[in-house]
Amino acid sequence: MISHLVVWLLATSAVYAAFDIRAWKMERKYKEYLNKRAYYIAEEEDRSVGSDIELTAKEQFVNARLMALKEAELQEGLENPAEFIPWNHLFDVLYRINSSEIFDIIHRMPKGGILHAHDTALCSTDYVISLTYEPDLWQCTNPTTLALTFKFSREAPANTENCQWSRTADERTKLGEEKYNSNLRSQLSMYNEDPINHNRDVDSIWRQFMGIFGVNDGLLCYAPVWKKYYKQFLKEMMEDGVQYLELRSTLPPLYDLDGHIYNEEEILQIYQDATREFKQDNPTFIGAKIIYAPVRVVDDEGIPPLMDKVRNLHEKYPNFMAGFDLVGQEDKGRPLIDFSEGIMSLSDSIHFFFHAGETNWDGMTDDNLIDAVLLGTKRIGHGYAILKHPRVLKQVKRDKIAIEVCPVSNQVLRLVADQRNHPGSVLLANKEYPVVISSDDPSFWEAKPLSHDFYMALMGLASRRQGLGLLKQLAINSIKYSAMTPLEKMNAMRLWEAEWKKFIDELAA
């Protein structure tokens with residue numbers, strides 16, 4: 001009996017020992033898994049844009065509040081995905097963004113500079129409407145498209161078959177101020193209450209988009225209004241926490257009541273004078289530069305004269321004219337390769353900031369990305385298709401070519417629906433890719449000069465874990481990758497840091 005008991009005890013002990021070893025091994029294996037998981041997360045955080053920012057005690061306090069608000073919005077979106085703001089079209093949630101506490105923080109935040117915006121798509125729609133109260137303004141309506149055309153003139157312009165001119169003031173009186181302004185707003189803004197069904201494809205949305213530029217031309221290309229409009233945007237920009245601007249301008253012919261047509265040199269001079277005047281009145285304003293950016297629909301015979309014009313403007317305004325670009329719908333315009341020989345004939349002192357990859361196509365229009373880096377672009381406008389080009393990504397990383405990501409524009413112009421799917425999310429996850437956030441044409445979607453794009457970057461493109469460090473790095477990037485000289489950048493950082501300190505002090509208080 002005793003021997004059987006001993007055997008049983010020994011066997012039982014062996015079973016328990018084996019069980020303990022298995023449990024110990026399982027526990028050790030699970031701990032290794034948790035450690036590796038924590039390492040993965042930590043490494044990903046360390047790779048993300050903004051991870052190099054060391055927050056001060058006050059910044060940590062502000063970040064804690066910001067992250068609490070962000071977490072609440074994300075959790076709300078997780079529980080009710082259809083209500084998550086970045087999933088929705090901007091026009092469906094504009095009022096919600098504007099009343100968001102996160103947006104209020106971003107709006108107040110010094111965001112550095114806007115490096116991608118276009119000359120006649122800047123100011124608030126309300127301001128553009130206010131310009132139609134100017135004296136000597138005439139208008140006509142195209143009988144086929146119903147599009148408005150404006151012109152400043154002392155006397156009625158000559159009528160044509162498609163254009164019967166009348167005073168804008170008379171038309172406003174005839175229709176009633178409220179109805180007239182409402183109808184006008186619909187031609188100055190892409191905003192509508194059914195954005196998904198309003199334009200079903202990229203081409204139709206671009207037709208509407210370019211149509212607004214057409215309505216704006218006669219109104220804004222009047223020389224006195226042109227200067228006023230530009231200075232108004234600098235004012236709106238500063239109110240939105242932006243201190244610097246690099247503006248892409250087609251430098252369109254301007255006119256005045258005496259019949260003078262202003263050429264590109266004279267327009268650059270208007271810009272330079274207005275920038276200097278604004279700087280005198282606003283000491284925290286860093287400054288502005290112009291990127292000459294004609295539309296990319298040029299025939300072969302027009303390319304050499306265009307390159308001559310670029311040389312001449314650069315010679316006359318070597319510092320104020322930041323460089324050269326080509327604009328317009330990439331899918332329909334001429335590709336960069338068509339201009340490549342002319343571009344390569346330009347001086348090395350002329351910098352390029354090419355639009356490239358603003359498309360959903362693969363191996364077609366997006367090849368502009370290859371040409372952009374081969375031609376030596378300093379930044380890439382949009383670069384939406386860049387993830388399809390690993391060789392270009394490698395070059396971007398090596399040469400520090402900043403990608404000008406414009407989240408709102410890419411959604412409104414039908415490249416992306418849900419901002420969480422924006423290719424910029426991959427770029428924000430890897431700090432080795434230089435990224436700046438820009439707004440493109442904020443006037444046309446009734447957005448702030450930069451805040452709505454920063455909001456979408458934080459809430460849609462960025463990781464749940466990215467907060468104030470990301471926003472601060474993006475602001476710094478806008479100065480770091482600007483066309484300013486090293487000395488100008490030093491001064492810009494000084495002015496921006498002073499505003500940043502004020503912002504943090506106010507929120508921390």
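The values are calculated or read from the model by the stated rules, or taken from the named source; none is laboratory data. Owing to the predicted nature of the structure, the values given are computational and were not obtained by experimental measurement. For neighbour counting, all protein chains shown are included, and Cβ atoms are generated from backbone atoms with ideal geometry for every residue, glycine included. All accessible areas refer to the heavy atoms of the entire protein, side chains included, with ligands and DNA or RNA removed. Shrake-Rupley method; radii C 1.70, N 1.55, O 1.52, S 1.80 Å.
Before moving on, here are some points about what is shown:
- Of the criteria (1) aromatic (Phe, Trp, Tyr); (2) touching a Ser or Thr at 6+ places or on another chain (Cβ under 9 Å); (3) free of Cβ contacts under 8 Å to residues at least 40 places away in the same chain, which one residue 262 fails: (2)
- Matching entry among 154, 185 (being open to solvent by 30 Å² or more (accessible area, probe 1.4 Å), part of a helix (DSSP H, G or I) and touching a residue at least 60 places away in the same chain (Cβ under 8 Å)): 185
- Tabulated pairs, the range 266-293, first open to solvent by 30 Å² or more (accessible area, probe 1.4 Å), second at pLDDT 95 or above and not in a helix (DSSP H, G or I), C-beta under 6 angstrom, 6+ apart or interchain: 272/320; 279/285
- Per the listing 139, 164, the residue uniquely surrounded by 21 or more Cβ atoms within 10 Å (Cβ to Cβ) and among the polar types (S, T, N, Q) is 139.
- Within the range 95-114, the residues that satisfy the criterion of being of a type in the set (D, E, K, R) and closer than 19 Å to residue 63 by Cα are 101, 104, 108, 111.
- Test for residue 313: is it more than 21 Å from residue 121 (Cα to Cα), open to solvent by less than 60 Å² (accessible area, probe 1.4 Å), touching a residue at least 12 places away in the same chain (Cβ under 8 Å) and out of contact with any Lys or Arg (no Cβ under 8 Å at 6 or more places or on another chain): yes
- Scanning the range 475-509 for residues that are part of a helix (DSSP H, G or I) and of a type in the set (A, V, I, L, M) yields 475, 476, 479, 487, 490, 492, 493, 495, 498, 504, 507, 508.
- Looking across the range 201-234, just one residue is part of a loop (DSSP other than H, G, I, E, B) and within 23 Å of the chain's Cα centre (by Cα), and that is 201.
- Residue-level analysis places residue 397 outside the set of residues that are open to solvent by 30 Å² or more (accessible area, probe 1.4 Å) and in contact with a strand residue (DSSP E or B) (Cβ under 8 Å, 6 or more places away or on another chain).
- Total residues in the range 95-114, condition in a helix (DSSP H, G or I) and surrounded by fewer than 18 Cβ atoms within 10 Å (Cβ to Cβ): 6
- Only one of 125, 173, 132, 120 that is among the β-branched types (Val, Ile, Thr) and open to solvent by 20 Å² or more (accessible area, probe 1.4 Å): 173
- Some residue of the range 358-368 being open to solvent by 70 Å² or more (accessible area, probe 1.4 Å), of a type in the set (D, E, K, R) and at pLDDT 95 or above: no
- Residue 483 being in contact with a strand residue (DSSP E or B) (Cβ under 7 Å, 6 or more places away or on another chain), under 22 Å from residue 122 (Cα atoms), open to solvent by 10 Å² or more (accessible area, probe 1.4 Å) and at pLDDT 95 or above: yes
- Long-range neighbours under 6 Å by Cβ, at least six apart or interchain, first residue assigned to a strand (DSSP E or B) within the range 115-130, second of a type in the set (A, V, I, L, M): 115/436; 117/247
- Of the residues making up the range 384-392, none is touching a strand residue (DSSP E or B) at 6+ places or on another chain (Cβ under 8 Å), within 25 Å of residue 117 (Cβ to Cβ) and not hydrophobic (A, V, I, L, M, F, W, C).
- Of the criteria (1) surrounded by 17 or more Cβ atoms within 10 Å (Cβ to Cβ); (2) within 14 Å of residue 118 (Cβ to Cβ), which one residue 210 fails: (1)
- Among residues of the range 415-474 being more than 18 Å from residue 84 (Cβ to Cβ), acidic (Asp, Glu) and assigned to a loop (DSSP other than H, G, I, E, B), the one that is least open to solvent (accessible area, probe 1.4 Å) is 441.
- Residue identified as in contact (Cβ under 8 Å) with a residue 12 or more places away in the chain and within 15 Å of residue 116 (Cβ to Cβ) among 412, 396: 412
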